[in-house]
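The values are calculated or read from the model by the stated rules, or taken from the named source; none is laboratory data. This one's a predicted model, so the numbers in the text were calculated from it and none came from an experiment. Cβ sites come from the backbone with ideal geometry, for glycine too, and all protein chains shown count toward neighbours. Heavy atoms of the whole protein, side chains included, go into the accessibility calculation; ligands, DNA and RNA do not. Shrake-Rupley method; radii C 1.70, N 1.55, O 1.52, S 1.80 Å.
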Amino acid sequence: MPDDAYMINAFDMSKVTGEEPSVQATIERRARVLSPAYRLFYDHPVSFVRAEGVYLYDASGRAYLDAYNNVSSVGHCHPRVVEAICRQAATLNTHTRYATQDILDYTERLLNTLPPTLSKMTYTCSGSEAVDLALRISRRRTGSMGVIVTSNAYHGTTIVAAEISPNLGPLVPLGDYVRAVELPTGDHSREEFGRAFALGVRDAIADLERHGYGLAAFIADSLFSTDGIIPEPAGFLAPIVDVVHEAGGLYIADEVQPGFARTGAAMWGFERHAIVPDLVVMGKPMGNGMPIAGVAARPETLVEFAATARYFNTFAGNSVCIAAANAVLDVIEAEGLMENSRIVGDYLQRGLRTLADASDEIDGVRGIGLYIGVDIVSTTTGAPDPGRAAEMVNAMRERRVLISAMGPHGNVLKIRPPLTFSKANADHFLETLSQVSAILR
Ligand code: PMP
């Protein structure tokens, strides 16, 4: 990763060339009034005016196939979600200090999708706030400070969430109380992978103890998205939970990416590893774009926190967001989106493997359901090729198919469409990727 405030697939403001006049004007207005910390995507940024299902539309009415956005997980502007939001906004929108029913109906329904031991919800407005809260709870519970993450983890934007996010790059220092552990590389059985990873976690725990921090929590994205997506071998997290518990820490599953049926195998990513976390952080797809996120907890983990601090998060769990979140669960069930994610995800992965077989630059294909990573490597050295991955991401964008890139080397194509993606959408995607691959080779 370069030694600056780098982001994979970020537009470089010093290279504004050949944009359409209206897009150019928008970019310049942004630069005048928005923080320079924001980043646009792509060499030629895109500007959208509306969206529907798996398509985003620009001002000229051109459709872009969305193979990237997991927030609009049940499809952009899904009518059932829109209707629920509008109806609730016109009826009542209030907070958790009043004894309303809607939040209870939703919470009971949501908790039913989780293992029974995770029986208490706290709502937040963002994944970052949920991560932050999960760490506060863990510290109160354990009396310790230390946090273990994976070596390219991303967990969010608050001070603490940024301090536990090595993915933000070397200019955002990790907290002194943080240890980052490498995931094993290469092909391993579940046992070998789990053993190797657990060794790293044990070393990190020993180091945290030696420095007086102890272990409050181990936190990991159950799909390891920013680490390049590591879904297999399923089950490798089981020994980590044991090691963390032996050291008195809590296991936090960050389900912001894998949650809400994304994997096609289960509602939650951790279920594939046959573990039950102490705390589960969720967000992004939860309200299909409305700001709702939260922490599901084993009740005993909350005892010390609740005894010493109150929790009121003004907008979190408001009636409109709850209505949206409830409609999201309706749509996942009514449209069979978990199954769709599995079926279309498998189909897309098969197609990608066929492309990989015919290409020297498309190497590994890893994924589960509709979350897929494709390794792009140099045709001469076989080494990770982030430059080539960026070219492909931008060439796809020029053909109006949206993806991005990820991973510690930035060479992994990140394919993560709404769960309503169809086989026809997958064919369109594969055809475009094969053109891009052939044309630029
Ligand atoms: N955890 C993970 C794994 C994430 O991917 C993200 C967002 N990309 C967050 C936490 C933070 O969520 P938010 O942007 O809603 O604060």
**Q.** Residues satisfying the stated conditions in segment 161-182, i.e. touching a strand residue (DSSP E or B) at 6+ places or on another chain (Cβ under 7 Å) and part of a helix (DSSP H, G or I)
**A.** 163, 166
Q | Scope segment 122-163; condition aliphatic (A, V, I, L, M), more than 8 Å from the ligand (Cβ to nearest atom) and either free of Cβ contacts under 8 Å to residues at least 40 places away in the same chain or under 29 Å from residue 106 (Cβ atoms) (or both); matching residues | A | 133, 134, 135, 137, 159, 160, 162
**Q.** Residue check, residue 372 open to solvent by less than 20 Å² (accessible area, probe 1.4 Å), more than 30 Å from residue 86 (Cβ to Cβ) and of a type in the set (Val, Ile, Thr)
**A.** yes
Q) Name the residues in segment 15-74 that are basic (Lys, Arg) and within 16 Å of residue 397 (Cβ to Cβ), would you? A) 15, 39, 62
Q. What number of residues in segment 146-171 are open to solvent by 10 Å² or more (accessible area, probe 1.4 Å) and out of contact with any Ser or Thr (no Cβ under 7 Å at 6 or more places or on another chain)?
A. 8
(Q) Looking at the structure I just gave you, is residue 185 in a loop (DSSP other than H, G, I, E, B), closer than 20 Å to residue 257 by Cα, open to solvent by 30 Å² or more (accessible area, probe 1.4 Å) and without any contact (Cβ under 8 Å) to a residue 40 or more places away in the chain? (A) no
(Q) I'd like to verify a number: residues in segment 245-255 that are buried (at least 24 other Cβ atoms within 10 Å of the Cβ) and outside any strand (DSSP E or B), how many? (A) 2
Q | Any chance residue 205 is within 16 Å of the ligand (Cβ to nearest atom) and touching a residue at least 24 places away in the same chain (Cβ under 8 Å) | A | no
Q: Could you grab me the full set of residues in segment 90-110 that are polar (S, T, N, Q) and open to solvent by 70 Å² or more (accessible area, probe 1.4 Å)?
A: 91, 93, 101
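Yes/no matrix, rows are residues, columns are (1) open to solvent by 10 Å² or more (accessible area, probe 1.4 Å); (2) within 30 Å of residue 266 (Cβ to Cβ); (3) out of contact with any strand residue (DSSP E or B) (no Cβ under 9 Å at 6 or more places or on another chain):
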site	(1), (2), (3)
381	yes, no, yes
397	yes, no, no
409	yes, yes, no
414	yes, yes, no
418	no, yes, no
425	yes, yes, no
428	yes, yes, no
433	no, yes, no
436	no, no, no
Q: Run residue 57 past the list (1) closer than 30 Å to residue 8 by Cα; (2) in contact (Cβ under 8 Å) with a residue 24 or more places away in the chain; (3) open to solvent by less than 50 Å² (accessible area, probe 1.4 Å) and report the number of the one that doesn't hold.
A: (2)
Q: Would you be able to say whether some residue in segment 295-314 is touching a Gly at 6+ places or on another chain (Cβ under 6 Å) and of a type in the set (Gly, Ala, Ser)?
A: no
**Q.** The one condition in (1) surrounded by 12 or more Cβ atoms within 10 Å (Cβ to Cβ); (2) modelled with pLDDT under 95; (3) of a type in the set (Lys, Arg) that residue 87 fails to fulfil
**A.** (2)
Q: Kindly indicate the residue of segment 1-46 that is in a helix (DSSP H, G or I) and modelled with pLDDT under 85 and also most open to solvent (accessible area, probe 1.4 Å) among those meeting that condition.
A: 15
Q.
All but one of (1) free of Cβ contacts under 8 Å to residues at least 60 places away in the same chain; (2) in a loop (DSSP other than H, G, I, E, B) hold for residue 82; state the number of the condition that does not hold.
A. (2)
Q.
Quick test for you: out of 304, 335, pick the one residue that is within 21 Å of residue 286 (Cβ to Cβ) and of a type in the set (Asp, Glu).
A. 335
Q: May I ask you to verify whether residue 139 is basic (Lys, Arg) and not in a helix (DSSP H, G or I)?
A: no
Q | Tally, over segment 169-221, of residues that are under 26 Å from residue 366 (Cβ atoms) and hydroxyl-bearing (Ser, Thr, Tyr) | A | 2
Q.
Being within 16 Å of the ligand (Cβ to nearest atom) and open to solvent by 10 Å² or more (accessible area, probe 1.4 Å) is the filter here; which residues of segment 273-302 pass it?
A. 284, 288, 289, 290, 291
**Q.** Options 224, 315, 305, 236; residue that is assigned to a loop (DSSP other than H, G, I, E, B), away from the ligand (no atom under 16 Å from the Cβ) and either within 26 Å of residue 85 (Cα to Cα) or among the hydrophobic types (A, V, I, L, M, F, W, C) (or both)
**A.** 236
Q) Looking at this structure, is residue 264 part of a strand (DSSP E or B) and farther than 20 Å from residue 148 by Cβ? A) no
